[in-house]
Amino acid sequence: GEYDHIYLKKTGYTYEEFQNKLPEIRKYYQKVRTITNQQPLNELVNYDKRGISGVNGAYHLDHKYSIAEGFKNNIDPEIIGNIINLEMIPWEENLFKNQKCSITKRKLLTIYKSK
């Protein structure tokens with residue numbers, strides 16, 4: 001992201017050196033976000049209401065099974081970032097939810113295997 005480029009400029013690291021220094025959880029988040037952004041997000045219910053926190057009626061993109069829990073439980077980023085694990089929810093709900101999951105690991109894996 002933007003901050004990564006600032007960091008590279010300040011430190012003089014190459015991108016490869018930078019990646020080697022990243023904590024594993026940060027690498028996992030990056031992989032999930034890359035996969036998430038490759039999904040057909042416009043097919044999600046309420047996608048047209050996507051917006052920022054504080055805007056009345058705005059929705060956020062949510063990972064039903066959170067990225068943090070996916071990392072803790074060693075779930076493939078391809079599953080966590082897949083469209084089957086994504087939904088649009090009101091921004092207030094998303095901020096309250098934080099790193100909690102709205103589905104179980106079993107349900108996530110069952111849905112993924114049946115797709």
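Here are the numbers:
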read-out: Members of the range 28-55 that are touching a residue at least 40 places away in the same chain (Cβ under 8 Å), in contact with a strand residue (DSSP E or B) (Cβ under 9 Å, 6 or more places away or on another chain) and either open to solvent by 50 Å² or more (accessible area, probe 1.4 Å) or assigned to a loop (DSSP other than H, G, I, E, B) (or both); value: Q39, L44, V45, N46, Y47, G51, S53
read-out: Only listed residue being touching a residue at least 12 places away in the same chain (Cβ under 8 Å), open to solvent by 30 Å² or more (accessible area, probe 1.4 Å), under 14 Å from the mean Cα position of the chain (by Cα) and closer than 19 Å to I25 by Cβ, chosen from E69, E87; value: E69
read-out: Selection count where residues are within 21 Å of T104 (Cβ to Cβ) and either out of contact with any Cys (no Cβ under 9 Å at 6 or more places or on another chain) or surrounded by fewer than 17 Cβ atoms within 10 Å (Cβ to Cβ) (or both), scope the range 56-66; value: 2
read-out: Check on K100, basic (K, R), open to solvent by 40 Å² or more (accessible area, probe 1.4 Å), assigned to a helix (DSSP H, G or I) and without any contact (Cβ under 8 Å) to a residue 60 or more places away in the chain; value: no
read-out: Meets criteria (over 26 Å from S53 (Cα atoms) and either open to solvent by less than 70 Å² (accessible area, probe 1.4 Å) or outside any strand (DSSP E or B) (or both)) for L109; value: yes
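The values are calculated or read from the model by the stated rules, or taken from the named source; none is laboratory data. Predicted model, so just to flag it, every value in this text is computed and none were measured. Methodologically, a virtual Cβ is constructed for each residue, glycine included, from the backbone with ideal geometry; neighbour enumeration extends over all protein chains shown. Side chains included, ligands, DNA and RNA excluded: accessible areas come from the protein's heavy atoms. Shrake-Rupley method; radii C 1.70, N 1.55, O 1.52, S 1.80 Å.
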